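The values are calculated or read from the model by the stated rules, or taken from the named source; none is laboratory data. None of the values given here were measured: they were computed from a predicted structure. Positions of Cβ are generated from backbone atoms using ideal geometry, with glycine treated the same way; all protein chains shown enter the neighbour counts.
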Amino acid sequence: MATAEILQAEARERPRMTIVAIAAALFTLAAPIVGLVVLKDRPENLIGQALQRQQHLTGLALSAACSVLGLIAIVVTLDFLLRAVRARRPELPWQLRPLLWTGGAGLVILLLVLQVATSVKLDHFAHDGSQTYEEARKVSDFGGIAYLGIVAQFAFAGAFVTIVVTAMRVGLLTRFLGYLGVISAVLFVLPLVPVPIVQVYWLGALATLFAGRSPSGTPLAWQSGEAMPWPSTAEMREQRVREAEARRGGDVVEGAAAEDSTEPSATPAQRKKRKRR
């Protein structure tokens, strides 16, 4: 596909991807907030926690639905970014796209299975079980399913990091957005805070970039259709030095011209002396 056709296709798709990225940010933020609101005033003992969760199955299902929708929107957003990267770097491994979708689909299926299994276990615990500590502990015990979830998480995060880093190298993402995207991918595997503020901010910044409203401007790689890597720190430092030297050189030339223009003209007496000579 020619570069002009690629740019036209991306221009048509970017408004839709802006909406998808915004939806990803909103659903990713809503999922933990709904969970925290539903499970506020959480009991300290495990049995009380299980009973509380059983009483709020609808709210927990809503939280899980937000997680699923947010994850799907993130995968679609990354897929668009991946296709833009591949248009500028065709040698990118083709396996990256199946890895992204396999990891994302695995996490979606895992979330749905865990939600259904948890609901069944909680309902049995509250109505048919003896409500012992051991039964309450088994509500959150899913055996080998958890290990499959870890595999899906690492597959998704690996594809996430590779796409973001490559997008930064070809100039589609600024260095700030690139590094922030890597942190976001790591936090999907190791959630250090209950509310994913970093991921939400990154998705919002990505939406403004797709919409052409980024405060730092749209990277040139989006406009040229070619890889235009961001300069390194050393290159940026050298460029600033050259610009400063050029400005100083211009000031010197202007100063010399000003001195020449202000030189007093010869008086009539001086002109007569020159003629006599």
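Results, tabulated for the structure shown:
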item	result
Pair list, Cβ under 9 Å, 6 or more apart: segment 144-160 residue polar (S, T, N, Q), other residue surrounded by fewer than 16 Cβ atoms within 10 Å (Cβ to Cβ)	GLN153/VAL189
Total residues in segment 89-100, condition in contact (Cβ under 8 Å) with a residue 12 or more places away in the chain and either touching a Gly at 6+ places or on another chain (Cβ under 7 Å) or under 10 Å from ALA155 (Cβ atoms) (or both)	2
Boolean, VAL108 is at negative phi and at pLDDT below 90	no
Criterion violated by GLU44 - all others in (1) within 26 Å of the chain's Cα centre (by Cα); (2) surrounded by fewer than 16 Cβ atoms within 10 Å (Cβ to Cβ) satisfied	(1)
Set LEU60, LEU71, LEU96, LEU81: member being touching a helix residue (DSSP H, G or I) at 6+ places or on another chain (Cβ under 8 Å), buried (at least 16 other Cβ atoms within 10 Å of the Cβ) and farther than 29 Å from ALA211 by Cβ	LEU60
Candidate set from segment 120-153 (those that are part of a loop (DSSP other than H, G, I, E, B) and among the charged types (D, E, K, R)); member that is nearest to PRO191 (Cα to Cα)	ASP141
Members of segment 29-45 that are at pLDDT 80 or above and in contact with a helix residue (DSSP H, G or I) (Cβ under 6 Å, 6 or more places away or on another chain)	LEU29, ALA30, ALA31, VAL34, GLY35, VAL38
Condition broken by PHE154, with the remaining ones in (1) aromatic (Phe, Trp, Tyr); (2) surrounded by fewer than 17 Cβ atoms within 10 Å (Cβ to Cβ); (3) closer than 30 Å to GLY217 by Cα satisfied	(3)
Conditions (1) surrounded by fewer than 16 Cβ atoms within 10 Å (Cβ to Cβ); (2) modelled with pLDDT under 90: number failed by GLU135	(1)
Among (1) among the charged types (D, E, K, R); (2) buried (at least 18 other Cβ atoms within 10 Å of the Cβ); (3) not in a helix (DSSP H, G or I), the one test that GLU91 misses	(2)
Criterion (in a helix (DSSP H, G or I), modelled with pLDDT under 95 and closer than 24 Å to LEU29 by Cβ) met by exactly one of LEU177, LEU192, LEU203	LEU177
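For (1) over 23 Å from the mean Cα position of the chain (by Cα); (2) hydrophobic (A, V, I, L, M, F, W, C), each residue gets a yes or a no:
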site: LEU60; (1), (2): yes, yes
site: SER67; (1), (2): no, no
site: VAL76; (1), (2): no, yes
site: PRO90; (1), (2): no, no
